[in-house]
Amino acid sequence: MGFFDMLKSGAEFVGQQAKNFNEDVAKYKMQYSSYDDETLKREFARASGAKKLAIAALLKERGYGSN
């Protein structure tokens, strides 16, 4: 395997991981969309990764953190 083949494989892997992460964020946004603001704030404090990003997006849509 040449250098450029290895580079291509790495780029494809990273692209797939980004796609999976974005799908996870969308899934969690749907899951958490019915939660009230206070529950979202509590969940945000203990979440990480895609869950935390999804909750942050929901809170921002609701007017939090837009200073």
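The values are calculated or read from the model by the stated rules, or taken from the named source; none is laboratory data. No experiment lies behind these values; they were computed from the predicted model shown. Glycine gets a Cβ as well: all are built from the backbone with ideal geometry, and neighbour counts include every protein chain shown. Surface accessibility is based on the protein's heavy atoms, side chains included, excluding ligands, DNA and RNA. Shrake-Rupley method; radii C 1.70, N 1.55, O 1.52, S 1.80 Å.
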At what distance in nm do the modelled label points of LYS52 and THR39 sit from each other, each positioned 7 Å from its Cα along Cα→Cβ? 2.2 nm
Taking +1 at the Cβ of each Lys and Arg and -1 at the Cβ of each Asp and Glu, which of MET6, LEU40, VAL25 sits farthest along the dipole of the chain towards its positive end, judged by Cα position relative to the Cα centre? LEU40
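Counting only heavy atoms of the protein chains, get the accessible area per residue of the chain (1.4 Å probe) and round it to a whole Å² value.
Per residue, the chain has 76 Å² of solvent-accessible surface.
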Length added when fully stretched, LEU7-ASN20, from 0.36 nm per residue minus Cα-Cα: 2.7 nm
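What percentage of the solvent-accessible surface of the chain, computed with a 1.4 Å probe over protein heavy atoms, is contributed by carbon and sulfur atoms?
So the carbon and sulfur contribution to the accessible surface is 57 percent.
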Under 8 Å for C-alpha pairs, at least 6 residues apart: give me the relative contact order for the chain, rounded to a whole percent. 31 percent
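Quick one: plug the Kirkwood hydrodynamic radius of the chain (C-alpha pairs) into Stokes-Einstein at 37 °C, 0.692 mPa s, and report D in µm²/s. Display every interim value, and only then the final one.
Values: Rh = 13.5 Å.
The Stokes-Einstein estimate is 243 µm²/s.
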